[in-house]
Every structure is written in structure tokens, then in C-alpha cells.
Amino acid sequence: MKETVPVVEEPGRSKILVVDDEPRIRDACRMVLSEEGFEVALAADGNEGVQMIREEHFDVILVDLMMPVLSGFEVLSYVRESHPDTVVIVITGYATLEHSINAMKRGAFDFIPKPFTPDQLRAVVAKAIKYNRALQDIADTNSRLKTMVNRLTDGVMASDRDKKVVVANPAFLHLIDYHGEPVRGRAVTDFDIGEQLLTLIDQALVMPDDTFTELTAEITRTGEGGERIVRATCVPFRGRNGVTIGTITVLSDITALKEFDRIRSDFVSMVCHEVRSPMNSMMMQLKVVLDGLAGELSGRQREILERVSEKMNGLTTMVSELLDLSRLESGLIASEKSAVNMAELFREQIAFHEANGARKEITLTLDVPESLPPALANQRSMEEVVTNLITNAIKYSPEGSTVRLMARIENEYLRFSVRDNGYGIPEEDLKRIFDRFYRVNDENTRAIVGTGLGLAIVKSIVDAHHGSIKVTSTPGSGSTFTVLLPLADI
Amino acid sequence: MSDKKLILVVDDDIDLVEALAMKLESLNYAVAKAYDGVEGFDKIKSRRPDLVILDVMMPRKDGYQLCDELKKSDEYKDVPVILLTAVTDAISSTNYTHMGGKTTLADDFVSKPIDLDKLMEIVEDNLR
């Protein structure tokens, strides 16, 4: 658990009301408390006191229990009923424990027996003010949280260990087509949230306390507004001691996104069939001709056809990669994330690429701290990212150099970087390096085969993880790609 | 003639079927041709082939369907089927197998773009 930094709001001068029928006490209180910097108001009896409380807010009220007309008990009841934020301290004329206990039972915060010294008064008031501030802080935090949650366009619902609703924002209720009575305290099963979502909540509740996985599902709902596709994410919610005390469910309406995705997917299949298929058969036809099955070829004819063949191969590869990218992006809309042991993943990737490096006499090194907390990520996507970065580093480095993978924790992120001593990237190319099809074209890299999609794929994965990727480079001495990923334990 | 192995090629792209046929015939196979799944099944019933090369994406009945039908029939389940698929495994390392990754009962598959020489090796292997 992280410590939350309390937001300190400029506290105005605390207002204190003293209600006592003894002028001597009133004046003494005023003198002592004014000196402390409080704004002090006085009332000579219960009626006057209640009148003043009705007109303005007091942070603390000191009230004598034994007064004519309206007793301190009655003032106390009135304050407790209508001013929950106000702290009441009772002054007991004759120090009977019984009265004091009685007053505490009715909601007094503390008591002070007459006669009291200025120090006693200061102490009891200081304690009350502190308590009042804490109450105020909690109220402010709650109000701020409530406003935030209610303003979200995503649906958010928190439920406790017994699957009772603790809070649900309007967007959530709207997404489950519920527009009725308040939901707080009712069982989640009382609402039509669907089997899938109930299963997610159950799974989140039984998740072992030492693991953290974001459970997701895509749910199709048929409601008032027609068919809607909702992405649900459910995570366990843990208390101070790390034990699960409930779940948080987030719903996002992805209907439009899915529709867009469907159109794109149709387009992708169209390209697949309409462009790739003819290219395929053209290549087969060329091959048959080149194999001499359609008659003898002259040397010149063969030469030309071989070049045509080469160009078509390049085109086919590019179409394939473009389709891969497109598929990858649509898949990322709802890919499941969990706590990924990145240290392990780095070790596997380094081992996997060692042979590739060895072919160019390139050494791969790994620098990872002993205990690297897991990142919240999709395992396979992360393998793709790391593979791409290492492959690039090897590809764009001269023989005999070194490629370094380093990982650290930085703030709430896992930061890893892949550094090479390669050709480097000219400054004018840096800002476009993550663009699709963008390739640095100079004397060092001209001969290197690539489509310019690898880094675009890497960036779309990192973006989908709410992370970031940056590159720094010095031509002639190497490049460093740095990725920040959110940690699982946040 | 009769000792030549018969290979049925089913693809809706006529040019591809022709090119494949030329290559197969040059290697001394007999070739039957069909241009969609339904026609493919008719050809199989009229004369049992020794091997079927089957495109996945076809009108009327696609390659997966025809392959399933053959593999689930007592009569033709032993005929080797090689699927020609446009879906490469290039990104099977990521999650996105909604276009590929379909389980089939085919004996083998070759992804497009087709390496003709490799396809011929696979044909030979499956005829043994």
C-alpha cells in the first residue's frame, strides 16, 4: 500500500461557540480561545445558542449541561441531528461522571468538568479541532471521489466481500439498464448484470491475495438502446493488510469501437482475398514459367521475370505485415492483462536471441535487479515488444558490438531499455521512427531488409498498456529505446 | 496413365489451379480440377483422388468445411488433404488467432504465398 499524501486545504479560522449561563465562564473561554486564534461566539442560554447555530456553522460547540430554559442536553440533541459536522464538548457544572457519560452517549465528543484551567480548556478544544479537521478531510475526500466517479463515462461499481454494492456510478447503472431505487447495500445478484460479470466478480473474490490479475470479458447486452457490447474489467480490492475486501468492476461501452473494428476486419479480409490472392497466383504462374514448364526461356527473359518475381515477393511481404499490424491492433482492444514477471521474460528473450547475436559476434547482456516487481501486461504482447527491440538492435549494429537490456523501477513504472552501439538514428528521423513504413535509409542501413512496421507494432502495444516508449540516439555511437510500463501492484 | 497418382486441386482462382496443374503434371501426376467446395466434392465422388490440395477461402463451400466432410466420412477419411491458407502464422505469437488458428483435420497446410517447391515436397511426403 502506498501512503496517500493528504491534500491540505487552507483551514479557515475555526469557529467556536460557547453556550453557558455563567458570564464568568463565557468570558474566560473567550479570552483563552481567542488567544489561540479561534473565532469565538458566546450565547447566554440554550435558546440563544440554538438560534446562533441555526444561523451559522460552528466547528466546535462548548455547552454547559445545566442551564435554565433549554438544557445542554437539548442543545446537544439539536446539534447532533442537524449539524453532523459540528463537534460538541459538554461543560459539566458539578463533576458527576454520570452526566458526562450520558452526554457522551448522546453524541458529545468530550467533556470538561468545572472548574477547569486554561490549559485543560486548550487541550480539550485542540483535540476536538483535530477531530473536526479529520472529519472534514474525510468528507472532502469522499465528496471529491464521488464527484470524480460520477463524472466518468465508464461505469464503475465497487462491491464488498459479500457481493453487496458499495458504490455504483450513474454510467454503470445506465450500462446495466437500471434506473431505479438507490443500489447501495443491495446484492449484486439483485441486478441484471449477467452471468459473465457475476463470474468475473466471483473469480476476483477468490483470487489469492498474493496475485493480481485484471479479469476481463466482452459482454453483449440487449437493452433499451438495442444491442450493446460492453467490455468488463474486474479486479479485487484489498484492505490495509492486503486481504481482499471487495471488487471493483469497470464497464466500458465499446459498441462503436467494435463496429469500427468489424468494418476494418472486413476490409482486412477483403484486402486479403482481393489483393493477396491474385498476387499469389501471379507468383505461381511466374514460377511455372521460370521453371520452363511453358517453354524455353531466353536468358534475358529469365532475367526480367526474376526481377518481377523479386518485386512481387516484396509486395506480398508488405501486405502480410500490414495485415498483421491491423489484426494486432484490433486484438489489443480487449487483451487480458495480468502480473507478468518481466525479469523472467527478459532472461528468456536474451537466451532466445543469443544465437542471432552470435552470428554477428554481438554480445547480449542483461542487467535486472534481483527483485523486479511484475508489470501489468499481456505476456505475449510483451514478448513481441522485447523481441522486436532486440532484433532491431542486432540488425542495426556492426559486428562485434554489444546490445544491453536494462530494467529498473522508476516511480510507479517498470522501466526497461535496449541499448546498442550501432549505426544510430539521424536526428531528423527520430521523431518519425515509430511511424508505419518509416525506415531510415542511409549507406549503413540500405542493405538491411525490413518493412518499417516493427516499431509501429511495438508502439501500439506499449500504448495499449498505458505505457510509453522513447528513443535517444547518437549517429555513429548507438541508440537506446526506453519503455515504461505500469506495475501490477498499484 | 492408371499408375499415375491422381491429385485433385480445388481453388476458385483458375490461374492458380492451372499453374499448380502444370507443375504437378510436369512431375508426372494426373490432375483433376475443381473451382469451389461443392464441385470439389462432386469430383471426389466421381473419381477418388490420391490426394487433395484445397484452398481455404472459396465460394459455396469453403476448404475447412469440405475438409471436415471428407475427414468425417468413412470412405474418404484416408485421402490426404493439404490446405492452402492465406492466414500465416506470423503473429500466432500474439493473441490474435481469430482469423487463423482454426483447428482442422487436414493432414498438412501451406500458407500463402505458396512456395511451389515446398508444396511439391509436402505432396510427395503425403503420398508415401
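The values are calculated or read from the model by the stated rules, or taken from the named source; none is laboratory data. Everything quoted here is computed from the prediction, not taken from an experiment. We place every Cβ from the backbone using ideal geometry, glycine too, and count neighbours over all the protein chains shown.
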- Task: Would you confirm whether any residue within segment A:283-290 is part of a loop (DSSP other than H, G, I, E, B), free of Cβ contacts under 8 Å to residues at least 24 places away in the same chain, hydrophobic (A, V, I, L, M, F, W, C) and at the interface with chain B (Cβ under 8 Å from one of its Cβ atoms)?
- Result: no
- Message: Just to verify a result, which residue in segment A:229-265, among those that are among the hydroxyl-bearing types (S, T, Y) and without any contact (Cβ under 8 Å) to a residue 60 or more places away in the chain, is surrounded by the fewest Cβ atoms within 10 Å (Cβ to Cβ)?
- Response: A:T255
- Query: Got a sec? Which of A:L372, A:L366, A:L389 is modelled with pLDDT of 85 or more, surrounded by fewer than 20 Cβ atoms within 10 Å (Cβ to Cβ) and closer than 19 Å to A:F481 by Cα?
  - Reply: A:L366
- Within segment A:243-266, which residues are modelled with pLDDT of 80 or more and farther than 18 Å from A:I229 by Cα? A:V243, A:T244, A:I245, A:G246, A:T247, A:I248
- Message: Can you report the number of residues in segment A:404-435 which are in a strand (DSSP E or B), of a type in the set (A, V, I, L, M) and touching a helix residue (DSSP H, G or I) at 6+ places or on another chain (Cβ under 7 Å)?
- Response: 4
- Message: Any residue that is in contact with a strand residue (DSSP E or B) (Cβ under 8 Å, 6 or more places away or on another chain), hydrophobic (A, V, I, L, M, F, W, C) and closer than 15 Å to A:H174 by Cβ - is there at least one of those in segment A:207-214?
- Response: no
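Condition (residue is touching a helix residue (DSSP H, G or I) at 6+ places or on another chain (Cβ under 8 Å), over 30 Å from A:L173 (Cα atoms), within 11 Å of chain B (Cβ to nearest Cβ) and not β-branched (V, I, T)) applied to segment A:248-264: is it met by at least one residue?
No; the residues of segment A:248-264 include none that is touching a helix residue (DSSP H, G or I) at 6+ places or on another chain (Cβ under 8 Å), over 30 Å from A:L173 (Cα atoms), within 11 Å of chain B (Cβ to nearest Cβ) and not β-branched (V, I, T).
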- Message: All but one of (1) under 30 Å from A:R228 (Cα atoms); (2) more than 12 Å from every other protein chain (Cβ to nearest Cβ); (3) surrounded by fewer than 16 Cβ atoms within 10 Å (Cβ to Cβ); (4) among the hydroxyl-bearing types (S, T, Y) hold for A:S269; state the number of the condition that does not hold.
- Response: (2)
- When segment B:42-71 is examined, which residues are found to be surrounded by fewer than 22 Cβ atoms within 10 Å (Cβ to Cβ) and within 14 Å of another protein chain (Cβ to nearest Cβ)? B:M57, B:P59, B:D62
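Given the options A:V79, A:V87, A:V124, name the one that is at pLDDT 90 or above and in contact with a Phe, Trp or Tyr (Cβ under 7 Å, 6 or more places away or on another chain).
After ruling out the rest, the residue left standing is A:V87.
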- Task: Inspect segment A:404-422 for any residue being more than 27 Å from A:N313 (Cβ to Cβ), at pLDDT below 85 and assigned by TED's automatic domain parsing to the domain that holds A:H465 and give the result as yes or no.
- Result: yes
- Task: Evaluate the following for A:F191: is it under 16 Å from A:I219 (Cβ atoms), surrounded by 15 or more Cβ atoms within 10 Å (Cβ to Cβ) and touching a Gly at 6+ places or on another chain (Cβ under 6 Å)?
- Result: no
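Let's see how each residue does on (1) touching a helix residue (DSSP H, G or I) at 6+ places or on another chain (Cβ under 7 Å); (2) modelled with pLDDT under 85:
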{"position": "A:V319", "(1), (2)": "yes, yes"}
{"position": "A:S326", "(1), (2)": "yes, yes"}
{"position": "A:I333", "(1), (2)": "yes, yes"}
{"position": "A:V340", "(1), (2)": "yes, no"}
{"position": "A:A355", "(1), (2)": "no, yes"}
{"position": "A:A358", "(1), (2)": "no, no"}
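Identify all residues within segment A:354-389 that are in a helix (DSSP H, G or I) and within 14 Å of chain B (Cβ to nearest Cβ); write none if there are none. First the steps, then the outcome.
From segment A:354-389, those in a helix (DSSP H, G or I) are A:354-359, A:379-389; that's our starting set.
Matches in segment A:354-389: A:Q379, A:R380, A:S381, A:M382, A:E383, A:E384, A:V385, A:V386, A:T387, A:N388.
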- Examine segment A:190-210 for a residue that is assigned to a strand (DSSP E or B) and either among the polar types (S, T, N, Q) or at pLDDT 85 or above (or both), and state whether such a residue exists. no
- Query: Are any of the residues in segment A:300-308 at pLDDT 80 or above, within 8 Å of chain B (Cβ to nearest Cβ), under 52 Å from the mean Cα position of the chain (by Cα) and not in a strand (DSSP E or B)?
  - Reply: no
- Subset of segment A:53-73 (residues that are under 23 Å from A:F116 (Cβ atoms) and of a type in the set (D, E)): A:D59, A:D64
- Query: What residue, of A:I176, A:I201, is under 13 Å from A:F237 (Cα atoms) and either surrounded by 15 or more Cβ atoms within 10 Å (Cβ to Cβ) or of a type in the set (A, V, I, L, M, F, W, C) (or both)?
  - Reply: A:I201
- Message: Cβ-Cβ distance below 7 Å, separation of 6 or more or different chains: which pairs start in segment B:23-39 with a residue that is in contact (Cβ under 8 Å) with a residue 40 or more places away in the chain and within 13 Å of chain A (Cβ to nearest Cβ) and end on one that is surrounded by 20 or more Cβ atoms within 10 Å (Cβ to Cβ) and among the charged types (D, E, K, R)?
- Response: none
